[in-house]
Each structure stands twice: as structure tokens, then as C-alpha cells.
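The values are calculated or read from the model by the stated rules, or taken from the named source; none is laboratory data. Bear in mind that the values here come from a model prediction, so they are computed numbers and not experimental data. Ideal geometry is used to build each Cβ from the backbone, glycine not excepted, and the neighbour counts take in all protein chains shown. Ligands, DNA and RNA are stripped out before the accessible areas are found, and what is left, the full protein with its side chains, is counted by its heavy atoms. Shrake-Rupley method; radii C 1.70, N 1.55, O 1.52, S 1.80 Å.
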Amino acid sequence: EAEEAKAHLKVQLEEAERLNARLKDQVKEAEAAKAHMKIQLEEADRVCAQLKDQVIEAQQANVQLKVQLEEAERLNARLKDQVKEAEAAKAHMKIQLEEADRV
């Protein structure tokens, strides 16, 4: 009986050692997956930082474009005023020419 019990314990020990080896392999796989995920997270953080920088650059460009648009609108208004002044001067000259023709 002692031999049978000893043999049975030996079989259980071997099973426990195989299970332990499988668990160690699973731990190694989990650690490798964890390391890979850490790398992916760092990469995602870098991409996020780049995108934030791009958003800031786009916002700055937007502000510059708004300023340029306002300047263009002011210039356009001045040009329209100059056109009106030129048309008024033209009309005035036409009247003077008509008066000169009558004389």
C-alpha cells in the first residue's frame, strides 16, 4: 500500500509540475502581451500629442485667416468707397462736359 500511495503521489506531483509549467508559460505570454500593450499605449500617447499639436496649429492658422479676412473686408470696403467716389467724379465731369458743350 505504501508503494501504491507513493506511486500515486508521484503521478500527482508530475501532474502538478506539468500544470505549473503551463501556468508559467501562460504568465510569460501574459507578460509579453502586457509589454506589447504598453508599447501600443505609448504609441497612442505620441499620436495623441501630435494630434493635439496639430489642433493648436490649426487653431492658430484659423485665427490668422480670420485676421486676413477682416483685412480683406476692410480693403474691399475702401475699394468700394473709391469706386463710388470715382463714379461721382465721373458724373460730375459729365455734367461739366455737357455744360461746356452748351456754351
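Computed from Cα positions, the angle between helix 2-102 and the longest principal axis of the chain comes to roughly 0 degrees. Applying the criteria of a DSSP loop state and at most 16 other Cβ atoms within 10 Å to the GluC sites (Glu not before Pro) of region 1-55 yields E1.
For Cα extents along the principal axes in Å, computed directly from the structure shown, the correct entry in (1) 148, 16, 11; (2) 60, 27, 23; (3) 45, 30, 29 is (1).
Pairs of Lys residues in the chain, spaced 8 or more positions apart or belonging to different chains, with C-alpha separations under 16 angstrom: 4 in total.
How large is the accessible surface per residue of the chain, computed with a 1.4 Å probe and reported in Å² as a whole number?
Numbers: 9900 Å² over 103 residues.
With the other protein chains kept in place, the chain gives 96 Å² per residue.
Along the axis of the charge dipole computed for the chain (Cβ charges of +1 for Lys and Arg, -1 for Asp and Glu, origin at the Cα centre), the listed residues A35, L79, L97 are led at the positive end by L97. What separates the Cα centres of region 1-49 and region 66-103 is a distance of 87 Å. Take the Cα of K84, step 7 Å toward its Cβ, do the same at H8, and the gap between the two points is 11.0 nm. Think of region 1-81 as a dipole: +1 on every Lys or Arg Cβ, -1 on every Asp or Glu Cβ, centred on the Cα centre; then among L9, V55, Q26, V55 lies furthest on the positive end. Of the solvent-accessible surface of the chain, computed with a 1.4 Å probe and all protein chains present, 58% belongs to carbon and sulfur. Only helices enter the 222 nm calculation for the chain: every DSSP H run of n ≥ 4 contributes -39,500 (n - 2.57), and dividing by all residues gives -37500 deg cm²/dmol, rounded to 500.
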